[in-house]
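Asks: Here it is: the structure, laid out below.
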Amino acid sequence: MDGLDCLAGRYRLVERLGAGGMSVVWRGHDDVLGRPVAVKLLAPKFSTDPASRERIRAEARAAARLNHPYITDVYDYGESEVDGRTVPFVVMELVEGEPLDELLSGGAMPWRAAVELCSQVAAALAAVHERGLVHRDVKPANIMLTATGAKLVDFGISAEAGDTSEKPGQVYGTPAYLAPERLDGGPADAASDVYALGLVLYKALTGDLPWDADTTTQMLRAHCYVDPTPLPKIAGLPAVVASMCRRSLSKRPTMRPSAEEIARTLASVTGLRIPVVTLPARADASAGSPSGLLTQTQALRVPLRLKLSTTVARLRAALPLSGPLMRRPRPTAAGVGVLGVAAAVAAFGAVSCGGPDTPVAPTAQAAVGAGAGDAEPPAPQPGCRVEYRTRVDTGGQFIVDLTVANTGSAALPQWALAFDYGGDQKILSVTGAQSTQDGGAVRLDSSTPLDAGATATVSLVGSYATGNPMPSGFELAGYPCTQQLVGAAAPPPVVVTGGEKTPGGPAAGGPAGPAAGPKPGKDPAHGNSGPGKGKKDR
């Protein structure tokens, strides 16, 4: 850099690694401690801008509050005079590795490697969130593959949780990984990082994002209105991983798991023992934690069958060695994206997902990444209504007619309806859609278009053992539906109590009653036909 070869009398600049929109990153050497470092400086045209100088300082302070094996360490911050200008700089750990997005340019990863990697990133995010911070730019380019595992880098646009400092109508982030609530002007929070991590997991497992989008505006609309395509069948992939991915991509932040839950779940699948931040007893706030709590790092209590082994070498060994995967790993640092070049961060114009209480903005323009021909008409409002009508309930099985109405202003070329059972109901068969079920979470998928104002009816046949309470949480394409729930009383079985026959039984939408008796005419003890025979009360 012009007139600059040593900072603060100790950090020698050895090799320029790359430059981004606002900064330049160098390989450096700490002459005092005798170790290689990465040095990030503001680009000359930004070095006199107070806002830019404050941002790089805030980045250094945010990252320095973290101490985690999957987060790049920040060593120092300072300012030096260069040609009459005061240039701020950040000294960081030099990470030898490869960005995840470069690895994924060759396609999907083996599922076990993808799950292992994302468990480490989730553990890093759990530490970030426990310190009261939000990364705000989780994406493959900001995840490095190193000899000891993943490294989450680039805290350039990180913020305090709940931060509302963005200008009205603007949101910082990368289009492909922005949570829908961020487009509605919501503050930065942990759930938006989890949404981005869900997309990283999906892409690592499949090689693609869960929707097709050719322009920035289409990508933003996908976050708002398009239900993620379910993960394809992946041989050996545990159902809990697919469930965690699906929950992370919920358009409702409150429905997403925490980063710590993701870390624990994914680590248990691969048998890793990875560090996450846990809450100790309350302590003095002097440690600098915004919550007034000291934090500590502990290991997950899961079987240690594999060491921390998500290395570039191991991942390459599991993938075809051709094309971009043959390139030699290159050094980078926190704040550096693909191949040492700082990632461009888009500051989007007025964009809205058009939630129930949020008007749709007239345009969706991106300051970075949107071409001149990218402007499109305003995004339509979503809306749906569901009628769940139980036609038959035998006390152990049920038949339901479920009608979904598209009350939004745009046709859906295909649709997906999700809801949750609160009991032990199991879907046995479906007419009019395809169904998947994970515990109480049910999803119905149909490739039949659903025009604005149109309805579709699906018939469900299911069973239960203890009760048949009404479902809840209906969502069409990720947006909540109004609902009408209609139950049907179960036929009262005959129960023998104290020598008297007493009717009883559960009703659909309520708790289970006494156990249902056998069908009339069947003797439970001998299997002989005959009237009046029933099962005794146990």
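Asks: Can you tell me the length gained on complete extension of the stretch S105 to A465, counting 0.36 nm per residue apart and subtracting the Cα distance?
Replies: Stretched fully, the S105-A465 segment lengthens by 124.8 nm.
Asks: Which of the peptides 453-460, 190-197 is most tightly packed, and how do the rest follow, going by the mean number of other Cβ atoms within 10 Å of each residue?
Replies: Final packing ranking: 190-197, 453-460.
Asks: Further, regarding this structure: Please give, to one decimal in nm, the separation of the simple spin-label points placed at C6 and L33, each 7 Å out from Cα toward the Cβ.
Replies: 1.9 nm
Asks: For the peptides 67-77, 177-187, 236-246, what is the packing order when you average, over each peptide's residues, the other Cβ atoms within 10 Å and list the highest mean first?
Replies: 177-187, 67-77, 236-246
Asks: How large is the Kirkwood hydrodynamic radius of the stretch 1-142, in angstrom, based on all distinct alpha carbon pairs?
Replies: Result for the stretch 1-142 stands at 16.6 Å.
Asks: Could you tell me the center-to-center distance, by alpha carbons, between the stretch 386-427 and the stretch 38-87 in angstrom?
Replies: With the stretch 386-427 and the stretch 38-87 each reduced to a Cα centre, they are spaced 53 Å.
Asks: Kirkwood Rh over Cα pairs of the stretch 206-252 into Stokes-Einstein at 37 °C, 0.692 mPa s: D in µm²/s?
Replies: 277 µm²/s
Asks: If you count, for each residue, the other Cβ atoms within 10 Å and average over each peptide, how do 260-267, 413-420 line up from highest to lowest?
Replies: So the order, starting with the most tightly packed, is 260-267, 413-420.
Asks: If you stretched the chain out fully between D420 and D438, how much longer would it get, using 0.36 nm times the residue separation minus the C-alpha to C-alpha distance?
Replies: Gain in length upon complete extension: 5.5 nm.
Asks: What ranking do F474, F89 get, fewest neighbouring Cβ atoms within 10 angstrom at the top?
Replies: Fewest to most other Cβ atoms nearby, the residues stand as F474, F89.
We did not get these values from a lab; they are worked out from the coordinates using the rules stated. Keep in mind that what you see is a predicted model, and the values were worked out from it rather than measured. All Cβ positions, glycine included, derive from the backbone under ideal geometry; neighbour counts span all protein chains shown.
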